[in-house]
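Remarks on the structure that follows.
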Amino acid sequence: MATWDLRRLQQALDKRSPAPVYLIFGEETYLVNEAVKLVRDKVLSEGAADFNYDQFFADETDLSQVADTIEMLPMMAERRLVVLKNTESLKDKDWDSLFHLLENPLDTACLVMVAEKVDKRKKFFKKTSDNGIVVELRRPFENQLPAWIDYIGHNHDLKFSPDARTMILQLVGQNLSEINNETMKLKQYLGDKTEATIDDVLKVVSHARVDSIFDLTNAIGRRDRSGALVYLAHLLENGQSEVGALSLILRHVRILAALREGQSIGLTGAKLSAKVGIPNFFLKQYQEQAKKWDDRKITKTLNALHKTDLALKSSPVSSHIWLENFIVQTCQ
């Protein structure tokens, strides 16, 4: 059975009763939480929620207790909801207590299993696929992020102007949980206002990420190896994962490449900003930095980024070593 995404889950829940078993997994925490919330809102009525909702963490719980809870009859409701988190921590033998409920799910309960990653070859995955719904939540591609920013804003009764949306992406990056956190701050700041402008974003959202990425790429541009390593450490300390940091660097270098291309055909000001895909607010900073990056340097760096990305995704070696190796290569 094919896996579902968030949209398909939402459409199914709008049309019919929830399934008795769900497996929801993915590395984007915000999307996983949204999927669990959709199921919870469908399963639990407001009055009975306190009596019919249980949450367990697989790495802290005996699964026989989870099974017992699933088999309890709901109170004043059609179903009870049981959420089991961190299921990626379970070994094959740990599932024995739950297999009978995956093979023959109960109509009086809804089990939601949550994981960051799953092995699709495992027995529990096959049983869930056969008798329940599997929801796989992938990180959005960059061109999908504006729509997700609007989705998050809608959840907080907030609209973003086009420039504000672009600025959110520029300042916060691609992590939807971080975008959600910054949107919550914006809503608190704006009070009854329902639209956020670029000025609002600049006042509320932290500039630490942008400052770090500019410092890092400036250091790479001037071949300052020790400085680049320090700025890389700052970026990681600000909460970026190694893969996330690499993604930010890649996006930044692509912007420099697009900027140089736009300048070569005579674009300036707003037209250049539009081609590059950055707010006009940042154009001068990028133009100054692009002077230190010739086409050969950009091509070399993009090739090194591609190799580092493959290494990060396939090698057991500590991720930070590959990033440091990338710095060494590009600062020669």
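Bear in mind that the values in this text are calculations on the coordinates, not laboratory data. Since the model is a prediction, treat every value here as computed from it, not as a measurement. Glycine gets a Cβ as well: all are built from the backbone with ideal geometry, and neighbour counts include every protein chain shown.
When both the range 18-39 and the range 259-277 are represented by their alpha-carbon centers, they are found 41 Å apart.
Based on C-alpha pairs under 8 angstrom that are at least 6 apart in sequence, the chain has a relative contact order of 15 percent. Mean sequence separation of contacting Cα pairs (under 8 Å, at least six apart), scaled by the length of the range 208-330, corresponds to a relative contact order of 29 percent. Shape class of the range 121-229 from the alpha-carbon gyration tensor: oblate, with a/c at 1.5 or above and b/c at least as large as a/b.
Rounded to the nearest 20 debye, the dipole size of the chain about its Cα centre is 1620 debye, using +1 on the Cβ of Lys and Arg and -1 on the Cβ of Asp and Glu. Decide, for the range 208-330, between rounded, prolate and oblate: order the square roots of the alpha carbon gyration tensor eigenvalues as a ≥ b ≥ c, take rounded if a/c falls under 1.5, and otherwise choose prolate if a/b is larger than b/c, else oblate. Prolate, since a/c reaches 1.5 and a/b exceeds b/c.
Taking amide H positions as modeled 1.01 Å from N, with prolines and chain starts lacking one, the residues under 5 Å from F57 and 5 or more places away or on another chain are K85.
Please work out whether the range 1-159 counts as rounded, prolate or oblate from its C-alpha gyration tensor, where a ≥ b ≥ c are the square roots of the eigenvalues and a/c under 1.5 means rounded, while otherwise a/b larger than b/c means prolate and anything else oblate? Note, shape of the range 1-159 comes out oblate.
Annotation: amide H-H contacts under 5 Å for L158 (H modelled 1.01 Å from N, sequence separation of 5 or more, or interchain): none. Taking 0.36 nm per residue of sequence separation and removing the Cα-Cα distance, the Y53/S226 pair yields an extension gain of 57.0 nm. Put simply, the amide H of L23, placed in the peptide plane, has neighbours under 5 Å in M113, I133, V134, V135, leaving out anything fewer than 5 places away on its chain. All Cα-Cα separations within the range 142-204 were binned at 5 Å from zero, giving a P(r) of 4, 20, 39, 27, 9, 1, 0, each value a whole percent of the pairs. Across the range 142-204, Cα pairs under 8 Å and at least six residues apart give a relative contact order of 41 percent.
About its Cα centre, the range 104-183 has a charge dipole of approximately 600 debye under the convention of +1 per Lys or Arg Cβ and -1 per Asp or Glu Cβ, with nothing else charged. Please work out the FRET efficiency for the pair M184 and Q287, using the Cβ-Cβ distance as r and a Förster radius of 35 Å; give the result to the nearest 0.05. Using R0 = 35 Å, I get an efficiency of 0.55.
Using the Karplus relation 6.51 cos²θ - 1.76 cosθ + 1.60 with θ = phi - 60°, the per-residue 3J(HN,Hα) values for the range 107-117 come to 6, 8, 8, 10, 9, 10, 9, 10, 8, 7, 9 Hz, with x marking Gly and Pro.
Taking θ as phi - 60° and the Karplus parameters 6.51, -1.76 and 1.60, the scalar couplings of the range 211-225 work out to 4, 5, 5, 5, 4, 5, 6, 4, 5, 5, x, 9, 6, 8, 4 Hz in sequence order, x denoting glycine and proline.
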